[in-house]
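To start, the structure under review is shown below, and the notes come after it.
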Amino acid sequence: EFIEKYAKHPVYKAPTGNTLHAKSWQTEAPLRMLLNNLDAEVAEIPEELVVYGGIGQAARNRESLEKIIEVLLELDEHHSLLVQSGKPVGVVRTHPEAPRVLIANSNLVPEWATWEHFDELKERGLMMYGQMTAGSWIYIGTQGILQGTYETFVSCGQKHFNSDLRHKLLVTGGLGGMGGAQPLAATMAGATFLGVDIDPTRIEKRLETRYIDKMTHSYEEAIQWVMEAKEKGEAVSVGLVGDIGDVLERLIQDNITPDVLTDQTSAHDPVNGYIPNGLSLEEAAKLRKENPEEYKALSLKSMARHVEFMLELQQRGSITFDYGNNLREFARQGGCENAFNFPGFTPAYIRPLFCEGKGPFRWAALSGDPEDIYVTDQALREAFPENTHLIKWLDEAKEKIAFQGLPSRICWLGMGEREKAGLIFNELVRTGKVKAPIVIGRDHLDCGSVASPNRETESMLDGSDAVSDWPLLNLMSNTAGGATWVSFHHGGGVGMGFSQHAGQVILADGTDRAEACIRRVLYNDPAMGIFRHADAGYDIAKKVGDDNDMLI
Ligand code: NAD
């Protein structure tokens, strides 16, 4: 009956309101968030259980999904569900403060950690790709990455353009689930924006959700719009249908040099993500099926060409950076030797934030009522009156962000701030100021939860880029601390073999139990960022650690 109502393939919807379907909010919360991940407003391809990021799935297949739902509906607070690459595989005996769901997705022993091996296992139904928040049930739509993208663009403006991105043209590729945050983040930061995507439906989705202003199939029209807007200093965003490599080639021919240049095509997956130059979407789908090796070779070659153009534009003056899709690595494999001549976004713009334990703190209102999010927004304004940057963000977010699925919010908070916010939310639930419990989670892209040498841990001060003890310690701390569900994944963001990362989500249901868990988890989680960066020798992290008396 529940499945019929909320999970009848392919139409998924999280229940809303404050009536429980499961035995407690501890299991109702993951159940709602799993279904929310698959809501057509949230997921890119719900009929394939794909949430975002190429083939990032929420459950391995329909059968697994139904089983997960069944178990969560019956699970009590003395047991926890084990999920292996999207398939429920067992229930273990635990206790009320333990996580209710323990998730491991896409993990392979290092020697076998390649897309080829993974694809073979996936083909045989033995694995799924969890991306970061797809398989760990805390994807909240494009907003999830919006503030991080905004922080990156603002930081880029501060570093290179005197904190002013007006009259600056930002060019990028990929307007999918995450990449679709770029137009709104860019215009919020004041820039004029041109984004290129080969798939018109992706741009249409951004138009519908108000992330992008205009769309066209014509290069000439797009250029006319953005050059006029740039001239006038208007923060306008334009989506152009096309291959990003081709468009960059045209820009070079036409002597147009973007001020900022980056990319968020699904380059991390050369077979199931990136579309090779010269192929239509249909041709790509056919070749992928018939001859994945040839597809991959074409894809790598196209990425090499794409990056050659980026390097040329960098030479001409574009501030160019990799935006976390491992494009440089695959371009290198495709024959572009200098692919790493432009930096990744983390060392360029984000690491100082990580050193303060800052990262993408997000929460969702299980009631389904947008008003609950506005109540939490207001509580944060009151809790952090000195943080004008945060308040500006909350104001703009309220005005400009269309909710997708369960109403949610994101903002980057650091050491101390996350715990404070979590406790405030728990009080809002306890005192009935919001209509149902709130879940608090984050991206795996965080200060102390990921090892990804071409992304979050690129160019670490002490060379410890590839050390993945840290995300494991993060997982263990959050499990021991009592997060409501925890996860450990491989390959998110940058693809198989290139990353390992941990996630956590914690429920604020207004109980004393939740308060105790929040005090532990929302301390431990950002603390991992301080430990990790202090250990690597970053002064800011050492200072924050000393100030909070947390280093040993
Ligand atoms: P997605 O699969 O939803 O979207 C990718 C888009 O790229 C699609 O719309 C596709 O049509 C387009 N595309 C593919 N090849 C193209 C080509 N040759 N020319 C033009 N467009 C092309 O993926 P997503 O969730 O948007 O993520 C995009 C990438 O960014 C992934 O690699 C992801 O891992 C990475 N990512 C980075 C961050 C970050 O903060 N840096 C965060 C999340 C994801």
Inset, instruction - Scan region 331-339 and give yes if some residue there is touching a helix residue (DSSP H, G or I) at 6+ places or on another chain (Cβ under 6 Å), surrounded by fewer than 24 Cβ atoms within 10 Å (Cβ to Cβ) and under 30 Å from Leu20 (Cα atoms), otherwise no. - result: no
Legend entry - Answer from Gly503, Gly510 - the residue that is over 25 Å from the mean Cα position of the chain (by Cα), closer than 28 Å to Arg32 by Cβ and modelled with pLDDT of 95 or more: Gly510
Inset, instruction - Select, from Ala22, Ala29, the only residue that is away from the ligand (no atom under 16 Å from the Cβ), under 24 Å from Ala514 (Cα atoms) and either hydroxyl-bearing (Ser, Thr, Tyr) or in contact (Cβ under 8 Å) with a residue 60 or more places away in the chain (or both). - result: Ala29
Inset, instruction - Specify the residue that is farthest from Asp395 (Cα to Cα); the eligible residues are those in region 114-149 that are of a type in the set (Ser, Thr, Tyr) and surrounded by 23 or more Cβ atoms within 10 Å (Cβ to Cβ). - result: Tyr129
Inset, instruction - Just give me the residues in region 136-167 being touching a Ser or Thr at 6+ places or on another chain (Cβ under 7 Å), away from the ligand (no atom under 12 Å from the Cβ) and at pLDDT 95 or above, in sequence order. - result: Ser136, Gly157
Legend entry - Hits in region 385-397 (condition: farther than 24 Å from Lys435 by Cβ and either out of contact with any Cys (no Cβ under 8 Å at 6 or more places or on another chain) or assigned to a strand (DSSP E or B) (or both)): Pro385, Glu386, Asn387, Thr388, His389, Ile391, Lys392, Glu396
Inset, instruction - Could you list, in sequence order, all residues of region 483-500 that are outside any strand (DSSP E or B) and either under 16 Å from the mean Cα position of the chain (by Cα) or surrounded by fewer than 24 Cβ atoms within 10 Å (Cβ to Cβ) (or both)? - result: Gly491, Gly492, Gly493, Val494, Gly495, Met496, Gly497, Phe498, Ser499
Legend entry - Single condition Gly239 does not satisfy, out of (1) farther than 13 Å from Leu170 by Cα; (2) modelled with pLDDT of 95 or more; (3) within 14 Å of the ligand (Cβ to nearest atom); (4) touching a Pro at 6+ places or on another chain (Cβ under 9 Å): (1)
Inset, instruction - Quick one: count up the residues across region 158-189 that are at positive phi and touching a His at 6+ places or on another chain (Cβ under 9 Å). - result: 0
Inset, instruction - Quick one: count up the residues across region 200-214 that are buried (at least 19 other Cβ atoms within 10 Å of the Cβ) and more than 10 Å from the ligand (Cβ to nearest atom). - result: 3
Legend entry - Search result, residues across region 306-327 that are of a type in the set (D, E, K, R) and surrounded by fewer than 23 Cβ atoms within 10 Å (Cβ to Cβ): Glu308, Glu312, Arg316
Legend entry - Matching residues, region 315-341, being more than 16 Å from Gly173 (Cα to Cα) and either more than 13 Å from the ligand (Cβ to nearest atom) or among the basic types (Lys, Arg) (or both): Gln315, Arg316, Gly317, Arg332, Gln333, Gly335, Cys336, Glu337, Asn338, Ala339, Phe340, Asn341
Legend entry - Only one of Ile373, Ile410 that is in a strand (DSSP E or B) and of a type in the set (A, V, I, L, M, F, W, C): Ile410
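The values are calculated or read from the model by the stated rules, or taken from the named source; none is laboratory data. In this text the structure is predicted, and so the values were computed from the model without any measurement. Cβ atoms come from the backbone with ideal geometry, glycine included; neighbour counts cover every protein chain shown.
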